[in-house]
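Engineer: Structure provided below as structure tokens; questions to follow.
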């Protein structure tokens, strides 16, 4: 997926300004302002956590922990980045630590509407009525791709989740993970090559 295809996911200048005002109020002790920040970022942050853990209960628990940590640390937030970047950075780090503690591979579903993995590229729609054989092949493809994603390292899965599943621009992923854009591109390139190779192998078997 190209960087331009993700531009719509960026926060607008107005959204960033609203967050800045709410952060300033929250840092003065206004609980209502922090509650508003939670409401503004709750859905997107949960999506990130769920795509990384593939466990709803874990994601809900992590979401509460992330916002609790953010609330405790709000006065340390110096606003050198956007609140969106800051809260997502906390979310990514806490989730990675959580996954390490679980010590088992995660299976990422490819059934979600907002998934960026190019299943349709491998098996383009015909425009006709659903083909039972094609649907069966698609299910096999999804299962195999889940397995391929699980084989990626946590570092590579994280950039795939953020970029392909969450639609976060590469520059913002760089800020969230605390790595250079070059490293983001390198990890995406490696992960995409691995997944594309898996796609080709699967297509040859169908």
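Here, each number is a calculation from the coordinates, and none is a lab measurement. Just so it is clear, the model here is predicted, and its values are computed rather than measured. Methodologically, a virtual Cβ is constructed for each residue, glycine included, from the backbone with ideal geometry; neighbour enumeration extends over all protein chains shown.
Engineer: Translational diffusion coefficient of region 1-104 at 4 °C, 1.567 mPa s, Stokes-Einstein with Kirkwood Rh over Cα pairs, in µm²/s as a whole number. Please list the in-between numbers first.
Structural biologist: Details: Rh = 14.6 Å.
Estimated diffusion coefficient is 89 µm²/s.
Engineer: If I model a spin label as a point 7 Å beyond the Cα along the Cα-Cβ vector, how far apart are those points for residue 151 and residue 54 in nm?
Structural biologist: 1.4
Engineer: In addition: Can you give me the distance in nm between label points at residue 38 and residue 189, each placed 7 Å from the Cα along the Cα-to-Cβ direction?
Structural biologist: Between residue 38 and residue 189, the label points sit 4.3 nm apart.
Engineer: May I ask for the distance between the Cα centers of region 172-198 and region 45-73, given as a whole number of Å?
Structural biologist: 22
Engineer: Would you kindly state how much longer the chain becomes between residue 171 and residue 140 on full extension, computed as 0.36 nm times their sequence separation minus their alpha carbon distance, in nm to one decimal?
Structural biologist: Working it through step by step, the gained length comes to 7.7 nm.
Engineer: When a footprinting reagent is the concern and you count Cβ atoms within 10 Å, what order do 12, 95 take, fewest first? Display every interim value, and only then the final one.
Structural biologist: Working: 12 8, 95 25.
Neighbour counts put them in this order, fewest first: 12, 95.
Engineer: Turning to a different aspect of this structure: Tell me, what is the FRET efficiency for residue 25 and residue 89 to the nearest 0.05, using R0 = 25 angstrom and their Cβ-Cβ distance as r?
Structural biologist: Between residue 25 and residue 89 the formula returns 0.70.
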